[in-house]
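Notes for the one structure printed next.
The values are calculated or read from the model by the stated rules, or taken from the named source; none is laboratory data. Note that this is a predicted model, so its numbers are computed, not measured. Neighbour counts are summed over all protein chains in view; Cβ atoms, including those assigned to glycine, are modelled from backbone coordinates with ideal geometry. Each accessible area value is taken on the protein alone, full model and side chains, heavy atoms only, with ligands, DNA and RNA left out. Shrake-Rupley method; radii C 1.70, N 1.55, O 1.52, S 1.80 Å.
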Amino acid sequence: MARDIRELFKDDKMTHENMPKNHQERFLEKLDKVMPIVSKSKFNWMRIAASVVLFIGLGSAVFKFFQPRVDKPADLEVVTTKGTVETKTLGDISPGLKKVEDYYLASINLELSKMKYTPETKDLFDGYLLQLDELDKEYKRLSSELTESGPSELTVNALIDNLKFRLNLLYRLRDQLKALSTSDNVTEEVG
């Protein structure tokens, strides 16, 4: 015998009835039996552990980010009886000297990349490359001296002069190649 809920509210006798005593307490007891309240501890250990891991990770990342980077060329080494020791370069002494060294090395590589090797210029190239090789060996020797005895004005100036000599040598080679190519062009036009 289902009745429409709207009809129940139309009857006035429903609105005047009171709930039995202790009805609310009995309802809460039944509710607690069916769905007990789980007490949460004040500290959630998983959250604390996650926070600690997060702080350690951030701290190590910040430490690594603010640590100065040292770029050392791998091709300059001095072999001793104790093993291999990396040699110092001008860049290891000061940032200003690193700029000078980088400028000269970039200019040397640029000049080398611009030059065209032909069978006619083989002898000319070989002579200059031998001189460049000697200057490179001297540069490595000066770098090892810089590593062993520390920076001195004489050693630093010798390293810079070595770079200048190498660049000037390449400029002379370039000029001779230009002169050779123009003389070849002139002889072709005449002949």
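Within this structure, Asn162 fails the test of being in a helix (DSSP H, G or I), open to solvent by 70 Å² or more (accessible area, probe 1.4 Å) and polar (S, T, N, Q). Residues in segment 124-164 that are in contact (Cβ under 8 Å) with a residue 24 or more places away in the chain and hydroxyl-bearing (Ser, Thr, Tyr): Tyr128, Tyr139, Ser143, Ser144, Thr147. Taking first residues from segment 171-183 that are within 11 Å of Leu124 (Cα to Cα) and partners that are open to solvent by 80 Å² or more (accessible area, probe 1.4 Å), no Cβ contact under 7 Å between residues at least 6 apart in sequence or on separate chains turns up. Taken together, the residues in segment 125-139 that are open to solvent by 50 Å² or more (accessible area, probe 1.4 Å), in contact with a helix residue (DSSP H, G or I) (Cβ under 7 Å, 6 or more places away or on another chain) and either within 17 Å of Arg174 (Cβ to Cβ) or of a type in the set (Val, Ile, Thr) (or both) amount to 1.
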